[in-house]
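I have placed the structure first, in the form of structure tokens, so that the comments after it can refer back to it.
The values are calculated or read from the model by the stated rules, or taken from the named source; none is laboratory data. Everything numeric here is computed off the predicted structure, so don't read it as measured data. In this analysis, Cβ positions are derived from the backbone assuming ideal geometry, glycine residues included, and neighbour counts consider all displayed protein chains.
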């Protein structure tokens, strides 16, 4: 309590602590509702995900079926030497093609988080895939396509929809819990014909009183001589 006083703040009352706890619980509940409402994919997201899955399958098959010469460790006469021999790339290329097929299958449920995890695994194995010398840069393509897709789907679209959902829910709760705002909204929607126009104040001569400005001051009422 002494620390709060030194900082110029008074300790919270039990009612204030309860109100803050209630507001925190409402924010958490709205965040959970936003996650539940935005877990599904949009039509464009599923379509782009299918295209990227087909590209990953094609890259995996290209890496598996391609044949190239490269350094391979060979043991001869008890010694390990390096020789240039033709080789295939079965492991990483087959895993990449399999993950691409699984990613395409997850699009059936249209769940962002489930498909996002599979596409990130495809990006990891795509970076480790090996291609012939003329196509040696395709591993960066196999990494960038699923990684950019996941970032676009989860970080941009999903987060944006969650913020919009929470903002709309917060504004709706504020309007529902504030009677003054409800009356202001009702008066704003009331037609002008049903409202009464305020009658202007009149002078003794019958003319309306001009607005108060620096040049004009309304006349004061005269006092009777007996009152003086």
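Taking the stretch 2-118 as the region of interest, the helices (runs of 4 or more DSSP H) fully inside it that hold 1 or more residues being in contact (Cβ under 8 Å) with a residue 60 or more places away in the chain and touching a helix residue (DSSP H, G or I) at 6+ places or on another chain (Cβ under 7 Å) are 14-37, 43-65.
Rundown of residues vs (1) in contact with a strand residue (DSSP E or B) (Cβ under 6 Å, 6 or more places away or on another chain); (2) closer than 17 Å to residue 48 by Cα, yes/no style:
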residue: 85; (1), (2): yes, no
residue: 90; (1), (2): no, no
residue: 93; (1), (2): no, no
residue: 116; (1), (2): no, yes
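Applying the set (1) modelled with pLDDT of 85 or more; (2) farther than 18 Å from residue 157 by Cα to residue 38 leaves exactly one unmet item: (2).
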